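Let me give you the structure first, and then I'll get to my questions.
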Amino acid sequence: GIAADATAGTFVAGSTTRVNTTGDAITHIASAARSWTFGWKAPATPGLAEIYTAVNNTNGDRLETGDQYSFHGADPAATVCTPIRLYANPVGCVATGDSCPDGYGNYSVLGGASVPSVGNTAFKLEAFGLPPSAPLLMMLSVGTNLGGFDMAPLGAPGCVLRTTLQIQLQAATSAGDAKRAEGSFIAPLGIPNQPALKGFAFTVQMGAIDANSTRAFPLLVTNGLEVTIQ
């Protein structure tokens with residue numbers, strides 16, 4: 001059987017699953033099933049959402065002896081799963097492309113915490129699911145629809161640059177557990193109260209060094225984020 005819960009948003013049951021009354025948890029219909037389908041609806045409030053999953057493997061003797069729980073993540077001995085991270089973006093922020101996985105198979109997310117409107121001095125970018133305590137590069141370019149460059153020729157296949165690197169800022173991710181990809185980075189980008197900025201657009205992306213990478217060039221990148229000031 002399977003069980004999952006979400007910190008934000010609501011599950012949508014599929015043909016083999018059912019949800020609780022509040023929609024933040026889901027489980028199987030038939031315990032003997034081997035596959036499960038469901039959807040997820042993003043919350044109205046922008047921000048990070050994490051989905052935690054566990055699978056119960058049974059031997060069919062109707063006793064607990066021999067049964068085992070498996071938790072999502074890179075560590076088979078873990079008793080707490082690594083969350084699947086999603087980000088609900090506001091109007092004016094559009095995710096583009098995908099992140100590339102770290103050496104443990106975790107994917108990062110980048111999003112905008114509020115509407116990037118004129119005068120929103122509290123606007124900020126948030127990246128989660130990164131290698132902890134790692135060098136980070138914030139990359140920003142003017143404009144959107146910039147295409148992508150797969151860094152395979154540089155030794156990082158599957159990691160696609162979504163900016164032209166016009167502006168680069170160096171920083172570091174927060175501390176945490178590497179196997180659980182607990183590194184994060186928050187970049188305040190307050191928007192002045194200047195009406196002329198309305199409609200200005202840029203694309204941003206984060207890159208971090210992954211000490212556990214199997215790639216020759218150990219840089220992983222988040223999804224790109226196209227931001228248009230409202």
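Quickly run through the range 174-204 and pick out the residues that are free of Cβ contacts under 8 Å to residues at least 60 places away in the same chain, surrounded by 14 or more Cβ atoms within 10 Å (Cβ to Cβ), of a type outside the set (Phe, Trp, Tyr) and not in a loop (DSSP other than H, G, I, E, B).
Gly183, Ser184, Ala201
Would you check if there is a residue in the range 124-142 being among the small types (Gly, Ala, Ser), farther than 29 Å from Ala74 by Cβ and touching a Phe, Trp or Tyr at 6+ places or on another chain (Cβ under 7 Å)?
Here is the first cut: in the range 124-142, the ones among the small types (Gly, Ala, Ser) are 127, 129, 133-134, 141.
Next cut, farther than 29 Å from Ala74 by Cβ only: 141.
Applying the additional criterion that residues be touching a Phe, Trp or Tyr at 6+ places or on another chain (Cβ under 7 Å) yields 141.
Yes, the range 124-142 contains at least one residue that is among the small types (Gly, Ala, Ser), farther than 29 Å from Ala74 by Cβ and touching a Phe, Trp or Tyr at 6+ places or on another chain (Cβ under 7 Å).
So which of Gly105, Gly111, Gly147, Gly158 ends up being without any contact (Cβ under 8 Å) to a residue 60 or more places away in the chain, touching a Cys at 6+ places or on another chain (Cβ under 8 Å) and not basic (Lys, Arg)? Give the derivation first.
Numbers: Gly105 fails: touching a Cys at 6+ places or on another chain (Cβ under 8 Å); Gly111 fails: without any contact (Cβ under 8 Å) to a residue 60 or more places away in the chain; Gly147 fails: touching a Cys at 6+ places or on another chain (Cβ under 8 Å).
Gly158 is the lone residue from the list that is without any contact (Cβ under 8 Å) to a residue 60 or more places away in the chain, touching a Cys at 6+ places or on another chain (Cβ under 8 Å) and not basic (Lys, Arg).
Here is a further query. Please work out which residue is nearest to Gly199 (Cα to Cα), limiting yourself to the range 87-112 and to residues that are buried (at least 22 other Cβ atoms within 10 Å of the Cβ) and among the hydrophobic types (A, V, I, L, M, F, W, C).
Restricting to residues being buried (at least 22 other Cβ atoms within 10 Å of the Cβ) and among the hydrophobic types (A, V, I, L, M, F, W, C), the top hit is Cys93.
While we're here: Considering only the range 54-173, give the strands (runs of 3 or more DSSP E) lying wholly within it that have at least 3 residues that are within 16 Å of Pro218 (Cβ to Cβ) and under 22 Å from the mean Cα position of the chain (by Cα).
Numbers: elements: 68-71, 84-88, 93-96, 109-112, 124-130, 135-142, 167-172.
Here the list reads 135-142.
Quick test for you: out of Phe123, Phe128, pick the one residue that is in contact (Cβ under 8 Å) with a residue 60 or more places away in the chain and over 14 Å from Gly207 (Cα atoms). Working first, answer last.
On the way: Phe128 fails: over 14 Å from Gly207 (Cα atoms).
Exactly one of Phe123, Phe128 is in contact (Cβ under 8 Å) with a residue 60 or more places away in the chain and over 14 Å from Gly207 (Cα atoms), namely Phe123.
Bear in mind these aren't lab numbers, they're just calculated from the coordinates by the rules spelled out. Everything numeric in this text was worked out from a predicted model, so none of it was measured. Here Cβ is always computed from backbone atoms with ideal geometry, including for glycine, and neighbour counts include all displayed protein chains.
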